[in-house]
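Step one of this worksheet: look at the structure below.
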Amino acid sequence: MTLHIYREDDADIGLLREARVAVIGYGNQGRAHALNLRDSGISVSIGQRPGPSADRAADDGFEPKPLPEVTRGADLVILTLPDESAATVYQDQIAPSLADRVTLGFVHGFNIRYEFITPPKPADVIMVAPKGPGTLLRSLYVEGKGLPALLAIRQDISGRARQTALAWAAGIGSTRAGVVQTTFADETETDLFGEQVVLCGGLTALTKAAFDVLVEAGYEPEFAYLECVHELKQIADLLYERGLSGMRDRISNTAEYGDLTRGPRVITPAVREEMKRILQEIRSGTFAREWIEEYKSGARAFKKLHNADAHTPYEQAGAVVRSLMPWLAERIKSDE
């Protein structure tokens with residue numbers, strides 16, 4: 001299948017310049033969408049309960065308001081709430097105040113894919129999902145660049161859902177790079193799989209296991225961290241910028257030979273079978289139901305797992321290594 005990539009010439013951002021746009025939530029994604037849309041000449045209202053996020057919205061020049069007040073009469077309502085709480089917030093505070101012909105926008109397909117949110121039948125339902133964190137979406141926009149995004153249409157009652165989604169994508173800068181149309185299901189399933197198997201779950205488990213093997217063999221923890229964690233950025237940047245072949249062209253022959261001959265011994269057929277089981281849990285909804293039930297029950301297991309690595313040798317060695325690069329603290333501060 002040939003992908004169609006939408007770019008700036010395909011979008012009419014003017015469609016939103018007369019619209020009432022409400023961004024619900026002012027976290028990582030919400031802030032980036034709101035700021036980019038505002039800088040693109042679109043009037044944006046923020047729905048956010050009192051707290052640090054509302055304070056930050058106010059610091060950025062917005063006037064955060066209660067969700068029902070912001071959504072009432074809005075033409076486009078963009079939900080950027082966390083997956084685990086979005087359905088409850090939507091049902092209690094958003095759905096009752098939606099206009100009949102509203103467009104509901106999502107930045108991730110989770111709650112639509114697994115039917116935790118049931119949108120009203122007269123509504124257009126669209127998604128623009130930038131492929132990266134909100135901080136990157138914002139920084140690239142400010143630089144005059146854009147972060148690629150995925151676009152999906154679940155309901156097109158008005159006949160203009162795609163045009164609205166493209167105007168939104170243009171407003172956040174994604175059409176400067178490219179916007180690819182997909183489905184809510186494909187975006188959600190591939191996103192969860194990537195997070196669990198590579199980007200978060202697989203990566204952290206791999207680096208922790210490699211770190212432990214070196215430390216148990218008698219190597220200094222800081223050396224183990226430098227080799228198994230710190231240098232990841234160099235390889236990730238090469239992959240990001242140049243692809244697999246380009247990365248291999250820029251590492252040593254020794255490193256490439258080790259890559260080609262030892263990598264398959266780490267990612268064995270048994271590992272691939274486990275990946276397939278994880279994908280099946282995602283596609284069947286097993287993972288989604290498990291996560292929402294965990295959240296609703298108080299997230300005790302999640303919190304225990306979240307805190308488990310806080311004081312491990314891995315984290316302690318990482319703190320030492322990062323202290324060698326004091327500029328990192330400034331970068332982190334600027335992103336917060």
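The values are calculated or read from the model by the stated rules, or taken from the named source; none is laboratory data. These numbers were taken from a predicted model, which means no experiment stands behind them. For neighbour counting, all protein chains shown are included, and Cβ atoms are generated from backbone atoms with ideal geometry for every residue, glycine included.
Figures for the structure shown
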{"read-out": "Filtered residues of the range 300-336 (kept if at pLDDT 85 or above and either among the hydroxyl-bearing types (Ser, Thr, Tyr) or outside any helix (DSSP H, G or I) (or both))", "value": "Ala308, Asp309, Ala310, His311, Thr312, Tyr314, Ser323, Leu324, Met325, Pro326"}
{"read-out": "Residue within the range 51-69 that is closer than 26 Å to Val180 by Cβ and either aromatic (Phe, Trp, Tyr) or assigned to a strand (DSSP E or B) (or both) present", "value": "no"}
{"read-out": "Qualifying position, being farther than 19 Å from Val125 by Cα and free of Cβ contacts under 8 Å to residues at least 12 places away in the same chain, among Asp39, Asp59, Asp10", "value": "Asp59"}
{"read-out": "Subset of the range 111-156 (residues that are β-branched (Val, Ile, Thr), part of a loop (DSSP other than H, G, I, E, B) and buried (at least 17 other Cβ atoms within 10 Å of the Cβ))", "value": "Ile117"}
{"read-out": "Those residues of the range 191-206 which are of a type in the set (Val, Ile, Thr) and under 24 Å from Ala11 (Cβ atoms), in sequence order", "value": "none"}
{"read-out": "Qualifying positions in the range 84-110 - part of a helix (DSSP H, G or I), in contact with a helix residue (DSSP H, G or I) (Cβ under 6 Å, 6 or more places away or on another chain) and of a type in the set (S, T, N, Q)", "value": "Gln93, Ser97"}
{"read-out": "Odd one out for Tyr219, checked against (1) free of Cβ contacts under 8 Å to residues at least 24 places away in the same chain; (2) of a type in the set (Ser, Thr, Tyr); (3) in a helix (DSSP H, G or I)", "value": "(3)"}
{"read-out": "Residue, surrounded by the most Cβ atoms within 10 Å (Cβ to Cβ), within the range 220-238, restricted to residues that are under 18 Å from Leu206 (Cα atoms) and among the aliphatic types (A, V, I, L, M)", "value": "Ala224"}
{"read-out": "Positions within the range 70-112 being at pLDDT below 95 and among the acidic types (Asp, Glu), in sequence order", "value": "Asp100"}
{"read-out": "Residue in the range 165-180 that is among the charged types (D, E, K, R) and under 20 Å from Leu35 (Cα atoms) present", "value": "yes"}
{"read-out": "Residue within the range 305-312 that is under 29 Å from Ala224 (Cα atoms), touching a helix residue (DSSP H, G or I) at 6+ places or on another chain (Cβ under 7 Å) and surrounded by 10 or more Cβ atoms within 10 Å (Cβ to Cβ) present", "value": "yes"}
{"read-out": "Failed condition for Thr88, given (1) polar (S, T, N, Q); (2) surrounded by 24 or more Cβ atoms within 10 Å (Cβ to Cβ); (3) farther than 30 Å from Arg331 by Cβ", "value": "(2)"}
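Yes/no per residue for (1) surrounded by fewer than 23 Cβ atoms within 10 Å (Cβ to Cβ); (2) of a type in the set (A, V, I, L, M); (3) in a helix (DSSP H, G or I):
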| position | (1), (2), (3) |
| --- | --- |
| Gln163 | yes, no, yes |
| Ala167 | no, yes, yes |
| Thr175 | no, no, yes |
| Val180 | yes, yes, no |
| Asp186 | yes, no, yes |
| Asp191 | yes, no, yes |
| Gly194 | yes, no, yes |
| Val197 | yes, yes, yes |
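A quick yes/no check of all residues on (1) within 30 Å of Tyr141 (Cβ to Cβ); (2) of a type outside the set (A, V, I, L, M); (3) modelled with pLDDT under 95:
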| position | (1), (2), (3) |
| --- | --- |
| Val179 | yes, no, no |
| Ala205 | no, no, no |
| Leu214 | no, no, no |
| Cys228 | no, yes, no |
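Yes/no per residue for (1) of a type in the set (A, V, I, L, M); (2) crowded, with 19+ Cβ neighbours inside 10 Å; (3) touching a strand residue (DSSP E or B) at 6+ places or on another chain (Cβ under 8 Å):
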position	(1), (2), (3)
His4	no, no, yes
Glu8	no, no, no
Gly30	no, yes, yes
Leu37	yes, yes, yes
Ser40	no, no, no
